[in-house]
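Every number in this text was worked out from the coordinates using simple rules, so none of it is lab data. Nothing here was measured: the structure is a model prediction, and the numbers come from that model. Cβ placement follows ideal geometry from the backbone for every residue including glycine, while neighbour counts extend to all protein chains displayed.
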Amino acid sequence: MPLMQETRLSFEEVKPLIGARVQADKLALLSGAHTADVMELLEQRGVLVFPQADLSEEELISFTGTLGDYASDASDGSATRISIDPATSSNADFTRVSFFWHFDGYMNEVPIRGSIMCAKVLSSSGGITEFCNTYAAWDELPEERKRQISGLKAVHSHAAAAMSLEPEPSHERFREWLTVKNGTLPLVWTHRSGRKSLVIGNTAAGIVGMDPMEGMELLVWLRDWATRERFRYSHEWSVGDMVMWDNTGTLHRVTPYPADSGRLMLRTKLAGEEPIV
Ligand SMILES: [Fe+2]
């Protein structure tokens, strides 16, 4: 129908198994005209890039609200400032664990659906955000591996992620990390849609009921598999770019950059819709 044609989202696939580059008018995005298409494309492609979308903080929040429930980190509803510079972010230490593959919110009963991030200031080195498609990684697993991991659960802990940056913490520091709740999550998420994805990342500390080293070896194998080139997209930012990712079917990380580089991203989150089962 002509009306449908007018509101169709224009996009191109970035790689066969992940990513889409979306061309859309800012006003149309903010009006909600593309909401259904954006959410469908996000489910299919894992990562959506809106080159040079150039949204202000208010516009980013408004756009997020057109897609679902905006889950703000701040009591005043502002967007989150992502920085590893303690002078800019009170959460800088926590943010540095994003140098390693993870998904957001393992500790929440319902992890966030997705995130939307806008580049405001870039680092002159590093700072590339990478994503991998954990639906595709599951789909292509050898059948024997699928049988092996179906039904297994992993223990997730912030401490496991933090140890990768600070391998010999003081006991006090370690106990601080443990104040972030642990989680026990299935390795394979069977979504309401019937699709399956892998649930792994730097917070996975071990496999329930398995020898610690065997469990670690399995987690390393799965991370190595899921982050292979064919499942992965690396976004080299330009100021003004907006990138949205499906937190329920991807992992992400950022390549390290200097804390004093000035790099600043604005990020909003979409509230989750289903628990990991
Ligand atoms: Fe993250």
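Brief remarks on what is shown
- Diagonalising the gyration tensor over the Cα atoms of the stretch 181-233 and scaling each eigenvalue by 5 before taking the square root yields semi-axes of 20, 16, 10 Å, largest first.
- Greater than 32 Å apart at Cα, pairs in K120/K196; K15/K146; K15/K120; K15/K181; K26/K181: K120/K196; K15/K181; K26/K181
- Whole-Å distance, taken between Cα centres, linking the stretch 1-80 and the stretch 132-181: 29 Å
- For the pair N182 and E214, label points projected 7 Å from Cα toward Cβ lie 2.0 nm apart.
- Maximal additional length on extending the T255-S31 stretch stands at 77.2 nm, based on 0.36 nm per residue less the C-alpha distance.
- Cα-centred dipole magnitude for the stretch 25-160, charges only on beta-carbon of K, R (+1) and D, E (-1), debye, nearest 20: 420 debye
- Cα-based shape type of the stretch 86-178, given that a ≥ b ≥ c are square roots of the gyration tensor eigenvalues and the cut on a/c is 1.5: oblate
- Each distinct pair of alpha carbons in the chain adds a 1/r term; the inverse of their mean, the Kirkwood radius, is 19.4 Å.
- Here the contact order of the chain, divided by its residue count and restricted to Cα pairs under 8 Å and six or more residues apart, works out to 35 percent.
- Secondary-structure-derived ellipticity at 222 nm for the chain, considering helices only, amounts to -7500 deg cm²/dmol, per-run term -39500 (n - 2.57) for DSSP H runs with n ≥ 4.
- FRET efficiency for the R195 to D73 pair, using the beta carbon distance and R₀ = 25 Å, is estimated at 0.35.
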